[in-house]
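First up is the structure itself, then whatever we jot down about it.
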Amino acid sequence: MSSSKSLSARFSKLFHRNLKHRDDEAVGEASGGLCDICSTIGFDSDWSGREVAFSLGFLDDIKRRSSCPFCKLVLHSLQDERIIHMRPIDHYKTHEVRVFRQNPRRFAIQPLPSYSKLVFESDVKGFAKVSSSNQIDFEMVKNWLRTCEGEHKKCVPNEGPFNVDLSFFRCIDVEDMCITPVPITSQYVALSYKWGECKPFLLLKPNKDDLFAKDGLRRNWDLVPKTIRDAIDFVRSVDCRYVWVDQLCLIQDDDDDRGTGISAMDLVYEQAYFTIIAGSGTDADSGLPGVKEGTRSSSQQVTSEVLPGVSLVLRHTMQDIVSQSEYHQRGWTFQEYYLSRRKIIFIDDTIYFKCREKCWQELEDGLLVRSDPTEEQGQALHKPSGDIYHLLGQLLNKYTTRELKMPTDYVFAMAGVCRRLADYADCSLLFGIPVPALDWFLLFYPNKNGLRRREIFPSWAWSGWYGQVYYNYGSGNVTKWVASSTWITWYKREPSGELAMVWDKAERQTSRVNELFAHLCDVSRVEPSRERVSEQTKRQYATLQFWTISANFTLRGIDQEEGEKLMWSYGLYWTPTTYELLDRNGANCGFVMLDDPTSTSEDHKRAEFILLSLSAQKSQTAAGLSPADHATDLGGRFFWVLMIEWEKGVAERKGIGNIHRTALTSTLDPGISWKEIVLA
Ligand SMILES: [Zn+2]
Ligand SMILES: [Zn+2]
């Protein structure tokens, strides 16, 4: 009782405070009073502390009452394009919009993500403060950094030694206004931003002497994109001296310099004292709002005065806004964002601070945060424990949704993450795949929209496709799975014709090959043919060359209704490109998901499948096998298969699937064969 009394006392103090008038920000001049429904909400009455829900009716009802300041605020919140809406707004033409009074400070709105709230405005801690300054408070930023540095154990830098060539590392010196080599252990800031369409100002062999000399940047100041200029000024304002910016710190026309730099991006962003995330705008000329006086406003904030002196503000979590921004759609920013240990995020005319332990924002103390699994996976890269291949798979599930202007950058923009994991596994990489786990990384499947071929990379690699790929095969240990479930001896053929083993430390699984297949065909050969197929050298990338079992089955389309039934009954992951596989008796013996949905109808087509490995368990697709058919061994294991198609002696991946073990004796004619595959 006493606590609710004191809350209410605190409230009335708040509500009778005189607020500054802000025409530009208010979405609703309180042109009318609260409507009949909203006047029962009781914005200034005693609030008991229990959650209370109010229905505002359907969308059109709310629109009709838009002279009510609270209804108007809810309407604007529903239309705010900066956040991910659970359902299209039209859904609420026939479904009620509800608001919940959750605690003394705020309301939740039912159709909005649960992390978006309407928060009472006040200078009191925990309430929403509307920015009154058109410039960043640099003392506050320095305070954030000091607190993190002094108190957070997780936010310390890596001491080294670094097993990497760091000759590329140099920074902009914001005092001498030039580019200068510094140790990677010095205190420097990194910039993460979108280049966009604006003209970059590049460090190149011809201008490097000028830019390395004192005041080199001052001499070229007009050529420097605005975001970089603002970053330089910001760094100076928070008393730091060095800032790393890719276009000015890697010699862009020197492949060695740029290449070594790109493969060490994990270190550059992880070691940075903090990273500036330029989350607003579309290109490098968008600037960092608030670095210079008068370069931002609070007009983007959705605010409404519901009663004289009582205002509410729409607040989202930082993640909601960042994840909707153009910054987060780009490929390069993925590892830059997730590898940085401290970030100062400029977005939506506000700045946020995010480190490995805390998240703060400029406008209020009671910041709404939620956990971001990708952020945790990114942090796990600093000290990987557990299965690093699963970790990379999870990061790729997210990364492959990103866009890149240059298709060739698709592997480079993840190179820091991949190299970091390869370092831990003490192995090399092949198109972003750590080679000891090649068998596992071939098993990606498409999301519902399917994939489209990216011709400059191989079809067997995640990089060979546009669209989101998934690696979601439970949490079993990948290294153990490779040891117990694979048999292929992988060779790669470079475009030059050079032939080499992919992973020469791999154990040959001769006994497994014999146990699984020797009773069915001659499986003695694993050495690749030395002579090459002419088509192999026409590709710009390495092709895989290996021996395994090949078999043919018939595809049968599954419509959505049937697919959903299978999904419910057996946990089959159904997409519009899922096909059932039929053996020579017309019985179901497996499933395949085709990668590219735009490929012509495959129904009733005969297709070739190659066996890759044993599945670890009843995988999602394998579990969809119809028990009526190859049912004798449903608890047993399935084979992972790739559907392939040949052209001029070279095969490409067309889909991924599972077949039942017993299917090997009932394939289409002429039965299975042990075959040399050249996979591009
Ligand atoms: Zn109302
Ligand atoms: Zn910290």
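Conditions tested, residue by residue: (1) under 23 Å from K358 (Cα atoms); (2) at pLDDT 90 or above.
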{"residue": "R105", "(1), (2)": "yes, no"}
{"residue": "I109", "(1), (2)": "no, no"}
{"residue": "V119", "(1), (2)": "yes, no"}
{"residue": "G126", "(1), (2)": "yes, no"}
{"residue": "F138", "(1), (2)": "yes, yes"}
{"residue": "V141", "(1), (2)": "yes, yes"}
{"residue": "L145", "(1), (2)": "yes, yes"}
{"residue": "H152", "(1), (2)": "yes, yes"}
{"residue": "N158", "(1), (2)": "yes, no"}
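Scan S263, S286 and give me the residue that is surrounded by fewer than 23 Cβ atoms within 10 Å (Cβ to Cβ) and within 19 Å of H382 (Cβ to Cβ). Reasoning before the result, please.
Values: S286 fails: within 19 Å of H382 (Cβ to Cβ).
Criteria check complete, one pass: S263.
On the basis of being of a type in the set (K, R), part of a strand (DSSP E or B) and either over 19 Å from the mean Cα position of the chain (by Cα) or modelled with pLDDT of 90 or more (or both), does K343 make the cut? Even if it seems obvious, please write down each step before you answer.
Details: of a type in the set (K, R): yes; part of a strand (DSSP E or B): yes; either over 19 Å from the mean Cα position of the chain (by Cα) or modelled with pLDDT of 90 or more (or both): yes.
Considered against the rule, which asks whether it is of a type in the set (K, R), part of a strand (DSSP E or B) and either over 19 Å from the mean Cα position of the chain (by Cα) or modelled with pLDDT of 90 or more (or both), K343 comes out as yes.
Show the residue pairs that are 6+ apart or on different chains and have beta-carbon atoms under 8 Å apart, the first residue being within the stretch 270-297 and closer than 23 Å to L339 by Cα and outside the structural domain of I232 (by TED's automatic domain parsing), the second being basic (K, R) and not in a loop (DSSP other than H, G, I, E, B).
The qualifying pairs do not exist here.
May I ask you to list the residues in the stretch 408-428 that are surrounded by fewer than 17 Cβ atoms within 10 Å (Cβ to Cβ), outside any loop (DSSP other than H, G, I, E, B) and at pLDDT 90 or above?
Passing the criteria: only D409.
Out of the residues in the stretch 657-666 meeting the condition of being surrounded by fewer than 22 Cβ atoms within 10 Å (Cβ to Cβ) and closer than 22 Å to L442 by Cβ, tell me which one is modelled with the lowest pLDDT. Give the steps one after another, and end with the answer.
The first filter runs over the stretch 657-666 and keeps only residues surrounded by fewer than 22 Cβ atoms within 10 Å (Cβ to Cβ), leaving 661-662, 664-666.
Of the ones still in play, those that are also closer than 22 Å to L442 by Cβ are 661, 664.
Details: R661: 83, L664: 92.
So the residue we want is R661.
Residue-wise test of (1) surrounded by 13 or more Cβ atoms within 10 Å (Cβ to Cβ); (2) within 16 Å of ligand 1 (Cβ to nearest atom); (3) among the small types (G, A, S); (4) under 22 Å from L314 (Cβ atoms).
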position: D90; (1), (2), (3), (4): no, no, no, yes
position: E121; (1), (2), (3), (4): yes, no, no, yes
position: N134; (1), (2), (3), (4): yes, no, no, yes
position: W144; (1), (2), (3), (4): yes, no, no, no
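Within the stretch 382-399, is there a residue that is surrounded by 16 or more Cβ atoms within 10 Å (Cβ to Cβ), touching a Lys or Arg at 6+ places or on another chain (Cβ under 6 Å) and not hydrophobic (A, V, I, L, M, F, W, C)?
no
Please verify whether R493 is charged (D, E, K, R), closer than 20 Å to Q545 by Cα and touching a helix residue (DSSP H, G or I) at 6+ places or on another chain (Cβ under 9 Å), treating the condition exactly as stated. First the steps, then the outcome.
Working: charged (D, E, K, R): yes; closer than 20 Å to Q545 by Cα: yes; touching a helix residue (DSSP H, G or I) at 6+ places or on another chain (Cβ under 9 Å): yes.
Yes, satisfied.
Give the residue that is surrounded by the most Cβ atoms within 10 Å (Cβ to Cβ), with candidates limited to residues of the stretch 613-638 that are assigned to a strand (DSSP E or B) and modelled with pLDDT under 90. Spell out the reasoning first.
Taking the stretch 613-638 first, the residues assigned to a strand (DSSP E or B) are 613-614, 638.
Then drop every residue that is not modelled with pLDDT under 90, which leaves 614, 638.
Values: L614: 19, F638: 28.
Selected residue: F638.
Considering only residues that are under 27 Å from G671 (Cα atoms), in a loop (DSSP other than H, G, I, E, B) and not hydroxyl-bearing (S, T, Y), which ones fall in the stretch 502-529?
Hits for the stretch 502-529 are R508, Q509, A518, H519, L520, C521, D522, V523, R525, V526, E527, P528.
Do we have F201 as away from ligand 1 (no atom under 16 Å from the Cβ), of a type in the set (A, V, I, L, M, F, W, C) and surrounded by 18 or more Cβ atoms within 10 Å (Cβ to Cβ) here? Outline the logic, then answer.
On the way: away from ligand 1 (no atom under 16 Å from the Cβ): yes; of a type in the set (A, V, I, L, M, F, W, C): yes; surrounded by 18 or more Cβ atoms within 10 Å (Cβ to Cβ): yes.
Taking the combined requirement at face value, the residue satisfies it.
Does V235 meet the test of being within 28 Å of the chain's Cα centre (by Cα), at pLDDT 95 or above and not in a helix (DSSP H, G or I)? Explain how you work it out, then say what you get.
On the way: within 28 Å of the chain's Cα centre (by Cα): yes; at pLDDT 95 or above: yes; not in a helix (DSSP H, G or I): no.
When the stated conditions are applied, V235 does not pass them.
Could we say that L191 is within 16 Å of ligand 1 (Cβ to nearest atom), assigned to a strand (DSSP E or B) and out of contact with any Asp or Glu (no Cβ under 6 Å at 6 or more places or on another chain) here? So that I can check it myself, show each step before the final result.
Numbers: within 16 Å of ligand 1 (Cβ to nearest atom): no; assigned to a strand (DSSP E or B): yes; out of contact with any Asp or Glu (no Cβ under 6 Å at 6 or more places or on another chain): yes.
Criteria not met by L191.
When R146 is evaluated against the numbered criteria (1) within 16 Å of ligand 2 (Cβ to nearest atom); (2) assigned to a loop (DSSP other than H, G, I, E, B), which criterion, by number, is the only one it fails?
Looking at each condition in turn, R146 falls short on (2).
The values are calculated or read from the model by the stated rules, or taken from the named source; none is laboratory data. The structure displayed is predicted, hence computed values, not measured ones. Please note: Cβ atoms are built from the backbone with ideal geometry, for glycine as well, and neighbour counts cover all protein chains shown.
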